Amino acid sequence: MTGEEFEAAYAARSGVSTGWLHSAGRYAEPCDCGEPECEGWAMGHQQDDAIIEDVIVARAKRRDVVAVPYEVAVDLGWI
Ligand SMILES: [Zn+2]
């Protein structure tokens, strides 16, 4: 997976465009957080973002549902 592909998938999951992500200063960055579901990329400029994203993906997979935006994951008690 390329960084561009990761950004496109992240944008689709989040219901926004890659243009919107870039306008918010968010780009794919290599990630080595160690989560099994890690795609090797993370969105954001902080490692914390990368870890949260992977936690959300991992917990969604465990429940057999699609990943949700961060705010929703907090409401659901996933974080
Ligand atoms: Zn990661």
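At-a-glance table
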quantity	calculated
Qualifying residue in segment 43-56 (condition: of a type outside the set (Ser, Thr, Tyr), surrounded by fewer than 17 Cβ atoms within 10 Å (Cβ to Cβ), within 15 Å of the ligand (Cβ to nearest atom) and at pLDDT 85 or above)	no
Test result for residue 72, loosely packed, with under 15 Cβ neighbours inside 10 Å, of a type in the set (A, V, I, L, M) and either part of a helix (DSSP H, G or I) or touching an Asp or Glu at 6+ places or on another chain (Cβ under 6 Å) (or both)	yes
Matching residues in segment 1-32 - criterion: being in a loop (DSSP other than H, G, I, E, B) and surrounded by fewer than 16 Cβ atoms within 10 Å (Cβ to Cβ)	1, 2, 15, 16, 17, 24, 25, 32
Members of segment 18-36 found to be of a type in the set (A, V, I, L, M, F, W, C) and under 14 Å from the mean Cα position of the chain (by Cα), listed by number	21, 28, 31, 33
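The values are calculated or read from the model by the stated rules, or taken from the named source; none is laboratory data. Bear in mind that the values here come from a model prediction, so they are computed numbers and not experimental data. Glycine gets a Cβ as well: all are built from the backbone with ideal geometry, and neighbour counts include every protein chain shown.
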